[in-house]
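The values are calculated or read from the model by the stated rules, or taken from the named source; none is laboratory data. From a predicted model like this one, the values you see are computed outputs, not experimental measurements. So basically every Cβ, Gly included, is an ideal-geometry build from the backbone, and we count neighbours across all protein chains shown. Quick note on the areas: whole protein, heavy atoms, side chains included, nothing else; ligands and nucleic acids left out. Shrake-Rupley method; radii C 1.70, N 1.55, O 1.52, S 1.80 Å.
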Amino acid sequence: MRFTTRQIHEGVEPDPVTGSILTPIYQTTTYVQDSVDEYLAKGYSYSRTANPTVSALEKKLASLEGGVDCSCFGTGMSAINAIMMALLNAGDHCIISDVVYGGTYRLSTMVYSRFGVEFSFVDTSDAAAVEAAVQDNTKLIITETPANPTLKLTDLAAISKIARAKGIPHAVDNTFLTPFYQRPLELDADIVVHSTTKYFDGHNSTVGGAVICATEELAEKIRFIQNSTGSIMSPQVAFLTLQGVKTLSVRIQRQSENAMAVAEFLEGHDKVEQVRYPGLKSFPQYELACKQASGFGAMVWFEVKGGLTAGKKLMDTVELWSLAENLGSVESLITHPVTMTHAAIDEAERKRVGIIDGLVRLSVGLEDAEDLIEALDVALAKV
Ligand SMILES: *Cc1c(COP(=O)(O)O)cnc(C)c1O
C-alpha cells in the first residue's frame with residue numbers, strides 16, 4: 001500500500017472486543033497473565049516495557065519510514081538520548097552535524113561529555129569533512145537534514161556510504177521533512193529519529209519522540225534503553241499522535257505549498273536581506289534538495305534588513321504568526337532561534353555555523369497562504 005493509505009491504516013485494527021475503529025487508550029500499568037508458563041503470551045506485562053496504544057503507533061511509524069521496528073519515547077530528546085545511550089560508551093567518539101537542534105547539542109556537550117564521550121561537530125554537508133573526522137573510536141554519526149534552523153542539507157547517501165564502509169551506524173534526525181518527503185533508511189542510513197512533537201502530532205498538542213531502526217539488532221538495543229531508562233511514550237500521547245499521523249501527508253503537502261508562496265513573497269520584498277528555503281532556486285543546495293527528498297518542507301528562514309533590531313520588531317508585531325518555540329503544527333509559528341530554540345549553543349559556535357543574530361525562523365502552517373503573506377507584509381511595512 002502507498003504512503004497515505006498506510007499512514008491511516010497501518011498498525012491499527014478495529015478493537016476485537018467492541019469494534020472501536022480507533023485503538024483505545026490502554027490506560028493501564030498491569031497486564032494479567034494466563035499462567036506462569038504462558039507468561040507474556042499476549043505480549044504485554046507492564047506499561048514501562050510496552051503498551052498496546054504505543055505499540056500501534058510504533059508499528060505505523062516503522063512502516064512509514066520503512067524500518068523493521070520503532071520505539072516511541074516521551075520526547076524527541078529522550079529518543080535522541082536512547083540512540084546515544086545505546087551506542088556510545090566512555091572513550092567513544094561521535095560525529096554530529098555542526099548545525100543541529102539546540103537540545104541535541106546540549107545533550108552532547110553538557111551531558112554525554114561528562115561521561116567521557118567525545119564529540120566532533122562537523123559540517124556534514126561536506127562528505128570529505130565527515131570522512132576526515134572519523135577516528136578509530138568513532139561509534140556513531142548523527143546528521144540532521146534539513147538542519148534546524150539554517151536548513152543546511154546533508155547528502156544522506158554520501159554519509160551513509162562512509163558510515164557503512166567504516167561499520168559506524170548513521171542516525172538521521174528526519175523531523176523536518178518526515179518520511180512523506182524523505183526516507184533516510186532508503187538512502188542506507190541505519191536509524192531515523194523524530195521529534196513526533198512536530199509534524200507527526202501537527203496540532204501543538206503533545207511532546208514525543210520515535211526511533212526507527214533498519215535492523216533487529218539496532219532495534220533491540222533501542223528497546224533495551226527504552227525499558228531500562230523508563231522513557232516510553234505515554235498512551236494518551238500515542239493516541240493523539242495516532243490521530244495526527246493520519247493526515248500527515250496532506251498537511252505537509254499544503255504547508256510546503258504555503259512555505260513556497262511565503263518564501264517567494266519574502267524573496268521579492270525590498271525590506272528582506274536574505275531568504276532561505278530549499279525550494280527556492282536561490283537555495284545554495286537546491287539540487288541536493290531535489291535529489292534526496294520528494295518535497296521541500298515547510299520551514300523557512302529570513303533576515304530582515306536592519307538585522308536583529310528589525311527582526312525583533314517584526315516578530316513582536318506580526319499578526320497571525322505566533323511567537324513560539326515549536327514547529328510543524330497547523331498553526332504558523334515564528335521563532336528567534338538565537339534567544340529561543342538554540343540559546344543553549346554558545347555564541348561563537350552559533351556564529352561559526354551561520355545561526356546569525358537576525359535569523360527569523362518560520363514554521364509555515366496550514367492557514368491560507370494569502371493571509372500569512374498579508375500579515376508578513378503589514379509587519380514588514382512597520383520595521
Ligand atoms: C524539536 C526537535 C527535537 C527535540 O524534540 P522534543 O520533542 O522537543 O524533545 C529534536 N530534533 C529536531 C530537529 C527538533 O526540531
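Structural remarks
- The distance between label points at E319 and D126 comes to 4.7 nm (points 7 Å beyond Cα on the Cα→Cβ vector).
- Two-site label geometry, D346 and R114: point separation in nm, points 7 Å out along Cα→Cβ: 1.7 nm
- Whole-percent carbon and sulfur share, accessible surface of region 287-361, 1.4 Å: 53 percent
- As a ratio to 2.2 N^0.38 Å, the alpha-carbon radius of gyration computed for region 96-138 takes the value 1.19.
- Calculated over region 136-226: convex hull of Cα atoms, volume per residue (Å³): 113 Å³
- Cross-link partners of K313 among aspartates and glutamates, defined as those whose alpha carbon lies under 16 angstrom from its own and excluding same-chain residues fewer than eight positions apart: E273, E303, D357, D377.
- Debye intensity ratio I(q)/I(0), log10, region 33-78, q values 0.23, 0.30 Å⁻¹ (C-alpha model): -0.86, -1.08
- Applying a DSSP loop filter and a limit of 15 other Cβ atoms within 10 Å to the chymotrypsin sites (Phe, Trp or Tyr not before Pro) in region 1-100 leaves Y39.
- Relative to the current alpha-carbon distance between T215 and E257, full extension at 0.36 nm per residue lengthens the span by 11.6 nm.
- Eligible lysines near K312 by straight Cα distance, threshold 25 Å, same-chain separation 8 or greater: K152, K198, K271, K351, K382
- Between helix 156-166 and the chain: long-axis angle, C-alpha atoms, 0 to 90°, nearest 10: 50 degrees
- Length-normalised contact order for region 248-381 - Cα pairs under 8 Å, 6+ apart - percent: 28 percent
- Each principal axis of the Cα cloud of the chain was taken in turn, and the coordinate range along them, longest first, works out to 74, 53, 34 Å.
- Using a cutoff of 8 angstrom between alpha carbon atoms and counting only pairs six or more residues apart, the relative contact order for the chain works out to 17 percent.
- Paramagnetic reach from F224 in region 57-91 [backbone N under 18 Å; point 7 Å along Cα→Cβ]: 69-72, 79-91
- Spacing of the two label points (7 Å from each Cα toward its C-beta) at Y46 and T28, in nm: 1.7 nm
- Considering every alpha-carbon pair of region 279-383, the percent of pairs per 5 Å bin, from zero through the bin containing the longest distance, is 2, 12, 19, 22, 21, 16, 6, 1.
- Note on S20: accessible area is roughly 40 Å² with a 1.4 Å probe, heavy atoms of protein only.
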